[in-house]
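Report on one structure; see the data block that follows.
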């Protein structure tokens with residue numbers, strides 16, 4: 001009985017040993033781990049931007065189309081617009097207002113608007129008058145001041161969009177376009193005015209309705225007819241006076257004066273006759 005147990009356990013050990021060897025023989029070999037080399041990422045090179053060599057040019061702002069003094073919504077018929085009151089409300093045209101009143105051009109404007117005429121006024125600001133040489137206005141005569149103010153007035157209504165349709169020289173209320181030329185040019189959104197002495201620009205709208213337009217300008221419009229060089233006049237020598245010939249009456253009067261002493265003294269007259277005979281003989 002013991003021998004059988006020993007044989008039985010020996011057989012179990014042999015089977016167990018055989019099964020472990022078969023299992024180890026069929027188990028797959030573990031693959032060697034592959035170490036994949038990962039290349040380091042290249043650092044990005046940042047190129048510094050160059051600073052601009054010149055400062056950007058600021059864009060020119062177009063003249064404002066919003067009036068400083070709005071027109072009334074319902075204007076009464078046959079009621080002329082008071083230009084001086086409009087300029088007073090704007091608050092920057094006191095010098096121009098004084099010129100309008102002192103030259104009575106303000107009354108002229110009121111009369112023209114009263115008969116349904118249309119006008120365009122270029123109003124220089126107080127700063128524009130302050131830029132003039134001291135005493136410029138004081139040296140002008142009354143007639144020159146009237147012409148100066150009228151030079152800032154066009155006899156028609158011109159909107160900002162219609163300045164480019166004008167033909168140069170533009171007619172003003174001053175004397176004529178020869179002595180008072182005025183040229184208007186439009187460059188983009190800028191309206192420029194040239195007088196031959198100064199170049200001005202419309203910088204905004206003061207007032208506008210269907211009869212009157214007032215624009216703010218940055219310089220006083222100085223016309224050539226007043227502030228331009230005077231033409232040189234040739235100096236002519238005065239002719240020498242021609243000698244006057246004595247008239248017949250003057251000769252008779254002189255002859256009588258010479259004969260009057262002889263007529264009063266007969267002896268002198270006789271001596272005169274004797275002397276004459278002696279000379280003749």
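Judged by the mean number of other Cβ atoms found within 10 Å, the most tightly packed of the peptides 94-100, 109-115 leads the ranking 94-100, 109-115. Using the average count of surrounding beta-carbon atoms within 10 Å as a protection proxy, the listed peptides 193-206, 163-176, 213-226 rank, highest first, as 213-226, 193-206, 163-176. For the pair residue 84 and residue 104, the difference between a 0.36 nm per residue extended length and the Cα-Cα distance amounts to 6.1 nm.
With 0.36 nm allotted per residue and the present C-alpha distance subtracted, the residue 224-residue 164 stretch has 19.3 nm of extension available. Computed with the Debye formula from one identical point scatterer per Cα of segment 83-224, without solvent, the log10 of I(q)/I(0) at q = 0.13, 0.14, 0.20 Å⁻¹ comes to -0.52, -0.61, -1.39.
Bear in mind that the values in this text are calculations on the coordinates, not laboratory data. On a predicted model such as this, the values are computed, not experimentally measured, just so you know. Counting neighbours? That spans all protein chains shown, and the Cβs are built from the backbone with ideal geometry, glycine included.
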